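Working notes, beginning with the structure itself.
Here, each number is a calculation from the coordinates, and none is a lab measurement. Keep in mind that what you see is a predicted model, and the values were worked out from it rather than measured. Neighbour counts run over all protein chains shown; Cβ positions are idealised from the backbone, glycine included.
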């Protein structure tokens, strides 16, 4: 079962699980996901999509071997617009997903985030770093929802002996992203493809570590099939400034867009880079898709869907 199965990451995981021979039940309330993301999976044997809110009681008939909890608004536009829903899916939704895993004797995998590190004072960020998070700032609804979800996951592991794992996901991009969800890469691509100004927050010196979705899916699958409890960082250590990211996208799209600068959001992290030593050692995983190659693939997706980038 994949909660948030019609979302950006969830839909890619559903496809990979089907390709690997699993039967997949995707749950989604379509608050930020869309059935279009999994429309190509609907004819396939072993796939079901159910409209359901994981913050309601979750019941699934029959055996369940694995529960992947990926339901959550994850972009700034979404979680700032839906703060209560974000907190509820991280708390009540996680409780229900864990309860199902306990009932079925299933392995449970929580999709957490690099945002649990906040605006980090240690760089790069290892899993042992506890973070530097503002719990009452506007971003706190997402950061703290995921931090609470991690704590609840570990409580179920220690108290109920549920087979749990936690993945901390760093910035991911790829097909099925929404152009106007507030994340830098889809925003820059849509602006570049339509010759609008590319809007960089602050002076663009803040850094991000960018990973293509195929690498993320491979890392998640290896963690799911392991016995690691985590948290485990899955991200690309290749760190770039946001300004360099914008310039690269402009170059790859051959765009004439100018780069302009806008106010930087409150609590926007200054740096972001994963320490992936644990994933390398225990999972044999590291990202394979090169920075410019991954961006080119995402750009190709948006080029082929011009309706998505319309202003």
Counting only DSSP beta bridges with both residues in the chain, tell me the antiparallel percent, nearest 5.
10
Taking the convex hull of the alpha-carbon atoms of the stretch 133-285 and averaging its shadow over every direction gives an area in square nanometres of 10.1
Fluctuation leader among 137, 202, 235 - the chain, Gaussian network, Cα springs under 10 angstrom:
137
Could you tell me the convex hull volume per residue, in Å³, taken over the Cα atoms of the stretch 1-59?
67
Choice from 26, 52, 61 with maximal GNM fluctuation in the chain (Cα, 10 Å cutoff)
61
The equivalent-ellipsoid semi-axes of the chain, taken as the square roots of five times the Cα gyration tensor eigenvalues and listed largest first in whole Å, are 30, 22, 18
Measure nothing but the geometry: give the 0 to 90° angle between the long axis through the Cα atoms of 184-193 and the longest principal axis through the Cα atoms of the chain, rounded to 10°.
50
Mean separation of Cα contacts under 8 Å (6+ apart) over length of the chain, as relative contact order %
17
Inter-site label distance for residue 297 and residue 40 at 7 Å from Cα along Cβ, in nm
1.2
Could you compute the FRET efficiency for residue 254 and residue 51, with r as their C-beta to C-beta distance and R0 at 41 Å, rounded to 0.05?
0.50
Please work out how much length the chain gains when fully extended from residue 130 to residue 159, using 0.36 nm per residue of separation minus the C-alpha to C-alpha distance, in nm with one decimal.
8.2 nm
If you take the C-alpha gyration tensor of the stretch 206-311, multiply each eigenvalue by 5 and take the square root, what semi-axes do you get, largest first, in whole Å?
29, 18, 12
Spin-label point model (7 Å from Cα, Cβ direction): what's the residue 304 to residue 261 distance in nm?
3.8
Exposure-ranked with fewest Cβ neighbours within 10 Å first, 103, 150, 263, 239 stand as 263, 103, 239, 150
Distance in Å, no decimals, from the C-alpha centre of the stretch 138-164 to the one of the stretch 1-79 is 20
Can you tell me the orientation of helix 8-19 relative to the chain, as the angle in degrees between its alpha-carbon axis and the longest Cα principal axis, to the nearest 10?
60
Helix 242-252 vs. the chain, principal-axis angle (Cα, 0 to 90°, nearest 10)
80
Between 262, 169, 185, which gets the highest mean-square fluctuation from a Gaussian network model of the chain, Cα cutoff 10 Å?
262
What value does the stretch 209-255 have for Rg/Rh, both radii from Cα atoms and Rh as Kirkwood defines it?
1.16
Compactness summary of the stretch 1-130: radius of gyration and Dmax from Cα atoms, Å, are 15.3, 48
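Could you put 12, 123, 59 in order, starting from the residue whose Cβ has the fewest other Cβ atoms within 10 Å?
In increasing order of surrounding Cβ atoms, one gets 59, 123, 12.
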Mind giving me the nanometre distance, one decimal, between the label points for residue 268 and residue 288, set 7 Å out from Cα along Cα→Cβ?
3.5
Based only on other Cβ atoms within 10 Å, what is the fewest-to-most ordering of 241, 190, 112?
241, 190, 112
